[in-house]
Amino acid sequence: MRPPVPEVTGQPLTTAGQPQILVTGCPGCGCTHRHLAFGERRAPCGCKYIVTTPREDQP
Ligand SMILES: [Zn+2]
């Protein structure tokens, strides 16, 4: 059985280049990481998590 993958909320970040997703409070190291897309990602620190959108699936 695989251990559960933690979910974190990503904040869309508008840049001059392609859009990035900012993850604050990494469950592994507590730092901020940047990603290029939502979904399951592996952070530079080695922690694996699922990046979710800030507003969806919420009533
Ligand atoms: Zn981290």
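Taken together, the values in this text are just the output of simple stated rules run on the coordinates, not laboratory data. Remember, predicted model here, so these are calculated numbers, not experimental data. Positions of Cβ are backbone-derived with ideal geometry, glycine not excepted, and every protein chain shown enters the neighbour counts.
Details
- Odd one out for Pro54, checked against (1) in contact (Cβ under 8 Å) with a residue 40 or more places away in the chain; (2) not in a loop (DSSP other than H, G, I, E, B); (3) not hydroxyl-bearing (Ser, Thr, Tyr): (2)
- For region 4-30, the set of residues classified as assigned to a loop (DSSP other than H, G, I, E, B) and in contact with a strand residue (DSSP E or B) (Cβ under 9 Å, 6 or more places away or on another chain) consists of Val5, Pro6, Thr14, Pro19, Thr24, Gly25, Cys26, Pro27, Gly28, listed by residue number.
- Considered as a group, the residues in region 31-51 that are in a loop (DSSP other than H, G, I, E, B) and within 8 Å of the ligand (Cβ to nearest atom) include one that is nearest to Pro4 (Cα to Cα), and that residue is Cys47.
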